[in-house]
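Have a look at the structure below, then the notes.
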Amino acid sequence: MKLKTTLVAAALALAFGAASAATLRVANQGDAMSMDPHSLNESLQLSVTGNIYEPLVARDSKLALTPGLATAWRQTSPTVWRFDLRRNVTFHDGTPFAADDVVFSFKRAAGEGSDMKGYTSSIKEVRKVDDHTVEIETASPFPILPDVISLVYILSKKWCEDNNAALPVDRRKGIENAASFRANGTGPFRLRERQPSQRTVLQRNPGYWGKIEGNVTEVVFTPIGNDATRVAALLSGEIDVMEPVPLQDVARLQASPNLKVMQGPELRTIFLGMDQRRDELLFSSVKGKNPFKDRRVRQAFYQAIDIETIKSRVMRGAATPTALMVAPGIKGFVAEQNKRLPYDPEAAKKLLAEAGYPSGFEVGMNCPNDRYVNDGEICQAVAANLARIGVKVNLMAESKTTYFPKILRRDTSFYLLGWTPGTYDSHNPLSSLMATPNDKGQGQFNLGWYSNPRLDELTQQIQSETDQAKRNAMIAEAFKIHADDVGHIPLHQQALAWAMKRNVDLVQLPDNFMPYRYVTVK
């Protein structure tokens with residue numbers, strides 16, 4: 001194995017020039033939980049695996065659609081899209097890429113255990129026309145299909161079947177298979193080493209079909225959960241890039257002559273969700289009924305949260321409070337609706353009393369402490385705010401490795417989550433976060449089971465509408481319904497902050513993905 005690795009490294013050095021070949025050492029507060037690209041719809045995991053696997057329709061360095069494993073696509077009828085597949089592409093094990101892999105991958109992404117069903121729920125059938133052509137038929141007209149499938153990565157049918165990985169890794173049930181720890185994509189980097197929660201090593205794919213703009217030939221990805229340790233690793237030169245930068249360390253790193261900090265807006269919205277389905281909450285002092293089924297309780301929670309203090313003290317100004325579940329920059333964002341209910345603890349207490357809880361109640365809250373910027377601290381602040389109106393929050397903060405499987409099973413009463421629409425379109429959060437869950441993938445991340453029939457109807461109409469003015473009006477109506485219902489409690493959009501050595505050039509995308517193909521180490 002050592003000899004093989006040495007030979008591959010030598011080949012890479014010859015192919016790209018020994019002077020230009022570079023190793024990039026990246027640290028993040030968390031790890032990609034699996035190498036299976038269908039197992040978790042989470043930005044970090046999709047970012048890491050997106051260097052190994054590819055979709056039919058990809059995104060370029062400005063997030064515009066660009067040919068990936070499909071060279072062209074077109075509608076042959078209102079509900080049928082035809083994709084011409086890229087020829088002479090091979091998976092990392094040398095197996096040729098063909099239509100059978102596409103049909104298999106879409107079936108896998110829509111199947112049992114997949115966390116990507118929300119991207120396939122509108123698809124009626126994926127069929128092979130010939131080895132280099134596939135058709136995707138949707139249940140109704142779906143003009144944004146190319147946008148929607150840009151995160152559906154293609155796997156090798158043969159490799160998955162040979163390695164007993166035909167079904168995705170099911171994070172909810174803790175089921176693992178070969179795709180958890182190994183990978184075989186068509187992308188610009190190969191997986192060379194995988195040690196979960198310790199390190200993941202990628203190596204440039206010398207047979208890659210496309211252009212790699214950077215000079216990185218090896219990537220060493222290391223999760224470092226402790227903020228101070230992560231910063232110290234960058235300052236000492238042990239790593240080249242880190243994200244996120246702890247907010248309290250931004251100025252310190254900016255002042256270093258050997259480092260630079262990249263900051264920018266992120267499309268992710270941080271929000272709170274509440275179980276609105278069960279007749280009795282799993283984690284609450286209230287027995288025999290569910291207080292979150294009462295809109296007045298949900299509004300009381302909303303108005304008890306001092307969002308400006310969270311922005312200034314917890315987020316150190318690096319957040320934009322929001323009333324919507326989408327950020328500016330997402331298609332369909334309605335600026336005039338982006339006005340939060342006022343922070344008003346007295347009004348919140350009155351609402352609780354009207355709902356029958358004059359003394360408040362206890363409720364458990366699930367929160368990650370290593371996924372979003374200052375996520376644990378945000379939940380602590382929310383708990384303190386709610387205590388002022390008589391609500392005792394029993395905070396259960398934990399690593400995302402145990403947090404995500406738990407809340408994805410809906411074993412939660414009250415939770416914090418972040419969401420970046422993978423399509424950069426408002427239909428995505430409407431369909432995934434706000435529409436009533438069904439067995440086809442709609443509402444897959446509507447973990448509290450908020451439900452409004454009119455919003456469901458509008459979500460389906462928005463999916464098919466081609467008139468942009470009508471579509472925007474429908475989106476605005478749907479957002480108003482959700483806001484009036486207090487279906488969730490939106491908090492803010494967090495800001496991106498990455499730090500790196502001055503000799504590292506990379507592209508910072510507002511979806512927080514890091515494509516290594518664009519990185520240059522000078």
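Residue-wise test of (1) within 19 Å of the chain's Cα centre (by Cα); (2) aromatic (F, W, Y); (3) open to solvent by 10 Å² or more (accessible area, probe 1.4 Å); (4) within 25 Å of I307 (Cβ to Cβ).
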{"site": "I462", "(1), (2), (3), (4)": "no, no, no, no"}
{"site": "A476", "(1), (2), (3), (4)": "no, no, yes, yes"}
{"site": "A483", "(1), (2), (3), (4)": "no, no, yes, yes"}
{"site": "L491", "(1), (2), (3), (4)": "yes, no, no, yes"}
{"site": "V507", "(1), (2), (3), (4)": "yes, no, yes, no"}
Legend entry - Filter pass, D279 being at pLDDT 95 or above, within 19 Å of N385 (Cβ to Cβ), open to solvent by 10 Å² or more (accessible area, probe 1.4 Å) and of a type in the set (D, E): no
Legend entry - Unmet criterion (only one of (1) free of Cβ contacts under 8 Å to residues at least 12 places away in the same chain; (2) buried (at least 18 other Cβ atoms within 10 Å of the Cβ); (3) charged (D, E, K, R)) for R298: (1)
Legend entry - Near pairs, Cβ below 6 angstrom, 6+ apart or cross-chain, from segment 418-436 (without any contact (Cβ under 8 Å) to a residue 40 or more places away in the chain) to any residue that is assigned to a helix (DSSP H, G or I): A435/D456; A435/T459; T436/D456
Legend entry - Per-region count, segment 33-68, residues of a type in the set (A, V, I, L, M) and out of contact with any Phe, Trp or Tyr (no Cβ under 8 Å at 6 or more places or on another chain): 4
Legend entry - I149, sole failed condition from (1) outside any strand (DSSP E or B); (2) farther than 25 Å from S61 by Cβ; (3) of a type in the set (A, V, I, L, M); (4) open to solvent by less than 10 Å² (accessible area, probe 1.4 Å): (2)
Inset, instruction - Answer yes or no: is there a residue in segment 348-355 that is open to solvent by 60 Å² or more (accessible area, probe 1.4 Å) and either under 29 Å from the mean Cα position of the chain (by Cα) or among the aliphatic types (A, V, I, L, M) (or both). - result: no
Inset, instruction - Go through the residues of segment 220-238 one by one and say whether even a single one is in contact with a Gly (Cβ under 9 Å, 6 or more places away or on another chain), among the small types (G, A, S) and not in a helix (DSSP H, G or I). - result: yes
Inset, instruction - Restrict the check to segment 360-370 and report whether at least one residue is within 19 Å of M274 (Cβ to Cβ), open to solvent by 60 Å² or more (accessible area, probe 1.4 Å) and either assigned to a loop (DSSP other than H, G, I, E, B) or among the charged types (D, E, K, R) (or both). - result: yes
Legend entry - Flag for K107 being over 23 Å from R204 (Cβ atoms), open to solvent by 30 Å² or more (accessible area, probe 1.4 Å) and touching a residue at least 40 places away in the same chain (Cβ under 8 Å): no
Inset, instruction - Name every residue in segment 378-399 that is buried (at least 21 other Cβ atoms within 10 Å of the Cβ) and touching a residue at least 40 places away in the same chain (Cβ under 8 Å), in order of residue number. - result: I378, V382, N385, L386, I389, V391
Legend entry - Selection count, segment 438-452, where residues are on the phi > 0 side of the Ramachandran plot and open to solvent by less than 60 Å² (accessible area, probe 1.4 Å): 2
Legend entry - Test result for T466, hydroxyl-bearing (S, T, Y) and either in contact with a His (Cβ under 9 Å, 6 or more places away or on another chain) or open to solvent by less than 10 Å² (accessible area, probe 1.4 Å) (or both): no
Legend entry - Unmet requirement for L455, which otherwise passes all of (1) open to solvent by less than 40 Å² (accessible area, probe 1.4 Å); (2) modelled with pLDDT under 95; (3) part of a helix (DSSP H, G or I): (2)
Inset, instruction - Output the number of the condition that E308 fails; it satisfies all remaining conditions of (1) surrounded by fewer than 16 Cβ atoms within 10 Å (Cβ to Cβ); (2) under 20 Å from V382 (Cα atoms); (3) out of contact with any Phe, Trp or Tyr (no Cβ under 8 Å at 6 or more places or on another chain); (4) not small (G, A, S). - result: (3)
Inset, instruction - Just name the residue that is farthest from Q468 (Cα to Cα) out of those in segment 129-146 that are assigned to a strand (DSSP E or B) and open to solvent by 40 Å² or more (accessible area, probe 1.4 Å). - result: D130
Legend entry - Single residue of segment 92-111 satisfying the filter (part of a helix (DSSP H, G or I) and charged (D, E, K, R)) that is nearest to the chain's Cα centre (by Cα): R108
Legend entry - Residue match in segment 29-40 (condition: surrounded by fewer than 20 Cβ atoms within 10 Å (Cβ to Cβ) and in contact (Cβ under 8 Å) with a residue 40 or more places away in the chain): no
Inset, instruction - Select, from D93, D131, D115, D84, the only residue that is in contact (Cβ under 8 Å) with a residue 24 or more places away in the chain, acidic (D, E) and touching a Lys or Arg at 6+ places or on another chain (Cβ under 7 Å). - result: D115
Inset, instruction - Just name the residue that is least open to solvent (accessible area, probe 1.4 Å) out of those in segment 317-347 that are in a strand (DSSP E or B) and touching an Asp or Glu at 6+ places or on another chain (Cβ under 8 Å). - result: P321
Inset, instruction - Those residues that are over 24 Å from the mean Cα position of the chain (by Cα) and touching a residue at least 40 places away in the same chain (Cβ under 8 Å), I need them from segment 213-230; list them, please. - result: E213, G214, N215, V216, T217, E218
Legend entry - From E266, E243, E238, residue being farther than 30 Å from D485 by Cα and either open to solvent by less than 10 Å² (accessible area, probe 1.4 Å) or within 24 Å of the chain's Cα centre (by Cα) (or both): E243
Inset, instruction - Considering every residue within segment 62-71, establish whether at least one is out of contact with any strand residue (DSSP E or B) (no Cβ under 6 Å at 6 or more places or on another chain), part of a strand (DSSP E or B), modelled with pLDDT of 95 or more and more than 30 Å from R172 (Cβ to Cβ). - result: yes
Inset, instruction - Kindly check whether there is at least one residue in segment 253-275 that is assigned to a loop (DSSP other than H, G, I, E, B) and within 30 Å of S359 (Cβ to Cβ). - result: yes
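The values are calculated or read from the model by the stated rules, or taken from the named source; none is laboratory data. As the structure is a prediction and not an experimental result, all values here were calculated from the model. We place every Cβ from the backbone using ideal geometry, glycine too, and count neighbours over all the protein chains shown. In case anyone asks, the SASA skips ligands and DNA or RNA and just uses the protein heavy atoms, side chains included. Shrake-Rupley method; radii C 1.70, N 1.55, O 1.52, S 1.80 Å.
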